[in-house]
Amino acid sequence: MEIGFGNGEFLVSLARRHPERYFLGIELSGISVEKLLKRLREEGLRNVFCVRLDAYWAFYLLLSDEAVEAIYLNYPDPWFKKRHHKRRLTRPENLYLFARKLKTGGEILLRTDDRPFLEYTLESAREVAAFEVSWEVLSPESPLTKYEAKWMSQGKTLYAARLRRVCSPKEIPHPQIEEVSAVFPVTVKDLSRLSGLSGKTLRPREDLVLKIFRIWEHGEDRLIEVLLSEAGYLQRFMIFARRVPGGWRLDVSGFSEVLRTRGLKEALEFLGRELNP
Ligand SMILES: C[S@@+](CC[C@H](N)C(=O)[O-])C[C@H]1O[C@@H](n2cnc3c(N)ncnc32)[C@H](O)[C@@H]1O
């Protein structure tokens, strides 16, 4: 697996060298995903998959425990400011989850040019207590990408760390969400308060936020554009308010792809109560 594959060059070269293996790339950036897909098409590679998701949630939602052989993290954003450290890819909650998904003997292979980020990562790894850790300063003789060779020739110091899973991780409190089998539609008698909610943020409970954007009208029906944040997991989708006898039925639009979570169900019910208290 590669987290934050950028333009996809590293992932594609790995896949080319190992046609017998499967690779999964995780990226937040849609442009990066497009670039990777283009490279894969051009080279006819069929052993690479990718997903546009935050790495934490991709590991949480898509992978079984002890299923992964190696995780590559090349030059992740260091998030320099202390108040931004919680966004770092190697925060303890993330390393805990990565450790759970790795096979015993599997490895996280990190490269960075930021010494404080390296030290932060080693400290997080100690907290998770599942890894044998080693690191080195890369030398011009190490196998390097063309960018790395260029940075090194400019006098940059590059570090490589290896976190080898040797046992199960120590449990670290980490964000969790629960899937539910159905998000039942909510029926309301009156929609007159809806237009007032455009641009508003609703907070059904701690760690659950529903932001309402635009609202489109079509006859008596309404389409509501929303963003749901549940324990930091973001979903953007449409809610369809359809006229039915005696009121309106609110449901996730059939055109929106969502993960049906408990938070989504609660948010929909909360919206119903906001409309008809
Ligand atoms: C500094 S770039 C490095 C790109 C590439 N690995 C390289 O070495 O050139 C960091 C990349 O990580 C991605 N990224 C940052 N946070 C992420 C997250 N939480 N989940 C997935 N990808 C993430 C960014 O979109 C960006 O493409």
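The values are calculated or read from the model by the stated rules, or taken from the named source; none is laboratory data. Because the structure is predicted, anything quoted here is derived from the model rather than measured. Because the Cβ atoms are built from the backbone with ideal geometry, glycine has one as well, and the counts that use them run over all protein chains shown. SASA here: full protein model, heavy atoms, side chains in, ligands and nucleic acids out. Shrake-Rupley method; radii C 1.70, N 1.55, O 1.52, S 1.80 Å.
Among residues belonging to the stretch 19-31 that are open to solvent by less than 60 Å² (accessible area, probe 1.4 Å) and either over 17 Å from Leu110 (Cα atoms) or free of Cβ contacts under 8 Å to residues at least 12 places away in the same chain (or both), point out the one that is farthest from the ligand (Cβ to nearest atom). Spell out how you get there, then give the answer.
Kept after step one, since they are open to solvent by less than 60 Å² (accessible area, probe 1.4 Å), are these residues of the stretch 19-31: 23-27, 29-30.
Next, from what is left, pick out any that are either over 17 Å from Leu110 (Cα atoms) or free of Cβ contacts under 8 Å to residues at least 12 places away in the same chain (or both): 29-30.
Numbers: Ser29: 4, Gly30: 9 Å.
The selected residue is Gly30.
Hey, Asn47 hits all of (1) over 18 Å from the mean Cα position of the chain (by Cα); (2) farther than 23 Å from Ser64 by Cβ but one; which does it fall short on?
For Asn47, the exception is condition (2).
Filter the stretch 1-12 down to residues that are open to solvent by 30 Å² or more (accessible area, probe 1.4 Å) and assigned to a helix (DSSP H, G or I), then give me how many there are.
2
Of all residues in the stretch 253-276 being of a type in the set (A, V, I, L, M, F, W, C) and either open to solvent by less than 10 Å² (accessible area, probe 1.4 Å) or assigned to a loop (DSSP other than H, G, I, E, B) (or both), which is nearest to Leu191 (Cα to Cα)?
Ranking the qualifying residues of the stretch 253-276, first place goes to Leu275.
Within the stretch 102-114, restricting attention to residues that are open to solvent by less than 10 Å² (accessible area, probe 1.4 Å) and either more than 14 Å from Leu73 (Cβ to Cβ) or of a type outside the set (S, T, N, Q) (or both), which residue is nearest to the ligand (Cβ to nearest atom)?
Leu110
What do you reckon, is Arg83 surrounded by 18 or more Cβ atoms within 10 Å (Cβ to Cβ), more than 9 Å from the ligand (Cβ to nearest atom) and under 18 Å from Gly232 (Cβ atoms)?
no
Taking Arg91 as the residue in question, decide whether it is modelled with pLDDT of 95 or more and more than 12 Å from the ligand (Cβ to nearest atom). Can you show your working first?
Working: modelled with pLDDT of 95 or more: yes; more than 12 Å from the ligand (Cβ to nearest atom): no.
Considered against the rule, which asks whether it is modelled with pLDDT of 95 or more and more than 12 Å from the ligand (Cβ to nearest atom), Arg91 comes out as no.
Here are some conditions: (1) surrounded by 14 or more Cβ atoms within 10 Å (Cβ to Cβ); (2) modelled with pLDDT under 95. Ser181 meets all but one. Which one does it not meet?
It fails just one condition, (1).
Identify all residues within the stretch 34-51 that are in a helix (DSSP H, G or I) and either open to solvent by 20 Å² or more (accessible area, probe 1.4 Å) or near the ligand (Cβ under 9 Å from one of its atoms) (or both); write none if there are none.
Glu34, Lys35, Leu37, Lys38, Arg39, Arg41, Glu42, Glu43 - these are the residues of the stretch 34-51 that are in a helix (DSSP H, G or I) and either open to solvent by 20 Å² or more (accessible area, probe 1.4 Å) or near the ligand (Cβ under 9 Å from one of its atoms) (or both).
Which residue pairs have Cβ atoms under 6 Å apart, sit 6 or more places apart or on different chains, and have a first residue in the stretch 153-169 that is surrounded by 13 or more Cβ atoms within 10 Å (Cβ to Cβ) and a second that is in a loop (DSSP other than H, G, I, E, B) and not aromatic (Phe, Trp, Tyr)?
From residues that are surrounded by 13 or more Cβ atoms within 10 Å (Cβ to Cβ), the pairs are Leu158/Asp113; Leu158/Leu138; Ala160/Leu138; Arg165/Ala130; Pro169/Ala130.
Limited to the stretch 3-18, what total is found for residues that are touching a helix residue (DSSP H, G or I) at 6+ places or on another chain (Cβ under 9 Å) and within 7 Å of the ligand (Cβ to nearest atom)?
5
Being part of a strand (DSSP E or B) and polar (S, T, N, Q) narrows it down to one residue among Ser124, Ser134, Ser64, Ser142; which is it? Give the derivation first.
On the way: Ser124 fails: part of a strand (DSSP E or B); Ser64 fails: part of a strand (DSSP E or B); Ser142 fails: part of a strand (DSSP E or B).
Going through Ser124, Ser134, Ser64, Ser142 in turn, the sole match is Ser134.
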